[in-house]
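Written out below as structure tokens is the structure these notes cover.
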Amino acid sequence: MSTSKPKPSDLDPFDSREQLVEHMRLGSKTEDERGLGVEHEKFGFRIVEGELRPLDYADGIVPLLEGFIEKFGWEPDTDDGAIIALHRGEDVISLEPGCQLELAGGVVQRIDEIEEQLFTHFSELAELDEENDLRWLTMGMRPIGHVDDVSWLPKRRYTIMRPYLPTRGARAHEMMKLTATIQVNLDYMDEEDAASMLECAQRISPIVSALNANSPFVNGSLTGLMSNRCAVWLETDPDRTGYLAKAFEPGFTFGDYVDYLLDIPMFFIQRDGAYIDATKLRFKDFMERGLLGHRPTRGDWETHMSTAFPEARLKRYLEVRGADCVPPAQMLATSALYKGLLYDLDVRKQALELMRELDTAQHLELHHTALKDALAGEDALGRPLLELGKELVRLARTGLDDEDGGYLDTFEEAIFAPGMSLAEQQVARYHATDGSPIQKVSAAIARMWVHESMESPAPAHASARLEDAHLDVLYQDEHLLAVNKPAGLAVHPGLDHEEENLVVWVRRFLAASDLEVEGLAPANRLDKEASGIVLFGLNPEAKTALGKLFAEHKVDKAYWIITSGRLRDKGVINRALKRGDETEKASKTKYKTIASTEKASFAKAWTESGRTHQVRRHMASIGHPIMGDLRYGYSKAAVTARKQLQFERILLHARQITCTHPITGERLHLVA
């Protein structure tokens, strides 16, 4: 739920049903005026002593929001002195009860404009993540940790909602603190159009939920459900969740929706900065007799509209809310899906015909099937949900131009090619992974971390395998070993590459010569998707001395890079960088262009410091991200380039290292 500042018109009296109906009617747009707005939530974690811990407000959220304000020009919105939201232009960053971070983008008309919003947001977030040691997970429900492990956002409205909602549903606090969704907002042209869009949105919602099912874990365990987020909503508050049965019937009007809202109990009203409990009143009661001398206002009504949570919600526009949070590319695909199905009248008619074959009871059964089985399920007529999902995507594509329709390719590649939703794929990875339950969950969800998902994991053939291992040794003596790491091979062991990593390769290479190094570890860092020189010390003295050389910046490093766009002939980037709680440190990168075109440049880069991802971050900061770098240079063009050029790596190669040998004192010049 996005946050907005009160407006003077919020105090306008709203005390008749006719006013409420007219309020909705005034939201109508012409066909050319119709826009799109997309909101998504995600879970934050902080790295503390090497462990991921739920992000709390004081230690995690506040420094992050202050970073957005100081670095990127966002302006704060406060509640009793606490920053609870930011705004910049029409974009809003807000917080959910469990400190889930939400981006509500301003209204646009095309999917590439939504992509630009996401790109800007995630680029800014990436820089702040490095500074604050934060990580973000795009799933429908927090997969690890109990609801009581998650702190509450200090927002005064929750002092009323927290005690009230559990009286209506046993899992209300889980909904508030543990769930995340993607919401797409669309305009209607008139009352009839709004009714048709609402019906279609409700009828396709279970299929959209199945396509985006992405929450099979709760508290570190499989539950047998593919969308636990959907299941939690069923036990939140029956007064304000689910489907509007009357919206399935012909002749639905704004008046019918207003009557639905009038019968829902309120949460609160706000007067003179204070929140007044209104949970014992329906809005119709408030209109009839007021509350403590207060009469309804436009602001009260708009707040009340936002506290109803059906699968599709009408305001002065339509909100569709049936999808688990998913990685950014699938957010764009879901936005395109709704645009194609709901804005093209002929396509909407076909979608309605497809889904009207189910009666209301069968539709509710379909909702339960979708949350339990996702695309493996069938509807009451025996139609596989996977095939229904494919048909809706096909229909949506016919309602879009080629550019917007291209975003639907993510469903083809990420969902239809494996024939499973993200949740079903995670369950398969969970069962295929050895280790403790927490290791199995961690491996299953590895691709749902924001920047992992944006960096599109390489296919199996692109990853270096131990059985294919051929160690490219550049230098070896009794003290040092230098190797040329291939792209696709992680340097260190991890949950999903305990054997397929450079440390294991080197250890087995040394073992073949009867050498065993205790605590074998590389002296320098190199990303999995990059290639080039990695140095190892082979005894305690060499490891300590080598580490000191790197720490004191007495090692000269040069890289080959291919960047997007035409670089200048040469340049120097002076930009301080930091990581975690450390203060900013001076960082300098020099580069010289070897060859260039309008689309790309081949250059050599030198660093005079050794900050995390320094070359990647610096090149992105001047508008020339390294090609293949979907973390600091994410865009549709970057993803397309990786596919078209068929490379699954970052085009960065650690080409040269020059230093004094830490034991013998000779000058070493290594080239890979």
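Every number here is computed from the coordinates shown, using simple stated rules; none is lab data. On a predicted model such as this, the values are computed, not experimentally measured, just so you know. All Cβ positions, glycine included, derive from the backbone under ideal geometry; neighbour counts span all protein chains shown.
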Sort TRP449, TRP152 by Cβ crowding within 10 Å, fewest neighbours at the top.
TRP152, TRP449
THR241 long-range amide H proximity, modeled H, under 5 Å:
PHE309
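Only counting other Cβ atoms within 10 Å, I'd like GLU288, GLU391 sorted with the fewest neighbours first. Each step should come with its number before you reach the end.
Details: GLU288 11, GLU391 15.
Exposure proxy ranking, most exposed first: GLU288, GLU391.
Only sites in a loop by DSSP and with at most 15 other Cβ atoms within 10 Å count here; which GluC sites (Glu not before Pro) in segment 514-621 make the cut? Intermediate values should be presented prior to the final figure.
Values: sites: GLU516, GLU518, GLU529, GLU541, GLU552, GLU582, GLU584, GLU598, GLU608; in loops: GLU516, GLU518, GLU529, GLU552, GLU582, GLU584, GLU598, GLU608.
Counting only loop positions with at most 15 other Cβ atoms within 10 Å, the GluC sites (Glu not before Pro) in segment 514-621 are GLU516, GLU518, GLU552, GLU582, GLU584, GLU598, GLU608.
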A correct Kirkwood calculation over the Cα atoms of segment 8-416 returns a hydrodynamic radius in Å of 21.9 Å
Name the residues whose placed amide hydrogens come within less than 5 Å of the amide hydrogen of CYS99, ignoring near sequence neighbours (fewer than 5 apart) on the same chain.
LEU153
Which of the peptides 617-629, 428-440, 154-166 is most tightly packed, and how do the rest follow, going by the mean number of other Cβ atoms within 10 Å of each residue?
617-629, 154-166, 428-440
Exactly which GluC sites (Glu not before Pro) in segment 85-189 are in a DSSP loop and have at most 16 other Cβ atoms within 10 Å?
GLU90
What percent do you get for the relative contact order of the chain when only Cα pairs under 8 Å and 6+ apart count?
13 percent
Whole-Å distance linking the alpha carbon centroid of segment 551-629 with that of segment 9-42 is 48 Å
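Longer than 24 Å from Cα to Cα, which of LYS71/LYS339; LYS284/LYS315; LYS349/LYS390; LYS390/LYS440; LYS543/LYS592 are they? Say none if no pair is.
Numbers: LYS71/LYS339 34 Å; LYS284/LYS315 17 Å; LYS349/LYS390 17 Å; LYS390/LYS440 30 Å; LYS543/LYS592 32 Å.
Those over the limit are LYS71/LYS339; LYS390/LYS440; LYS543/LYS592.
Rounded to the nearest 500, what is the 222 nm mean residue ellipticity of the chain from helices alone, with -39500 (n - 2.57) per DSSP H run of 4+ residues and division by all residues? Show your work: numbers first, answer last.
Values: 22 runs with 232 residues, N = 672.
Result for the chain: -10500 deg cm²/dmol, rounded to the nearest 500.
Quick one: MET141, MET305, MET197, fewest Cβ neighbours within 10 Å first, how do they rank? Don't jump to the answer; show the numbers that get you there.
Details: MET141 28, MET305 21, MET197 24.
Taking fewest neighbouring Cβ atoms as first place, the list is MET305, MET197, MET141.
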Taking amide H positions as placed in the peptide plane 1.01 Å from N, state which residues far from ASP91 in sequence (5 or more) or on other chains have amide H under 5 Å from it.
GLY106
In sequence order, what are the phi-derived ³J(HN,Hα) couplings for segment 404-419 according to the Karplus relation 6.51 cos²θ - 1.76 cosθ + 1.60 with θ = phi - 60°, rounded to whole Hz, with x for glycine and proline?
5, x, x, 6, 6, 4, 4, 4, 4, 7, 8, 10, 6, 4, x, x
In debye, nearest 20: dipole of the chain around its Cα centre with unit charges on the Cβ of K, R (+) and D, E (-)?
1680 debye
Calculate the length of the line joining the C-alpha centroid of segment 87-135 to that of segment 336-397, in whole Å.
30 Å
Under the Kirkwood approximation applied to all pairs of distinct alpha-carbon atoms, what is the hydrodynamic radius of segment 383-439 in Å?
13.1 Å
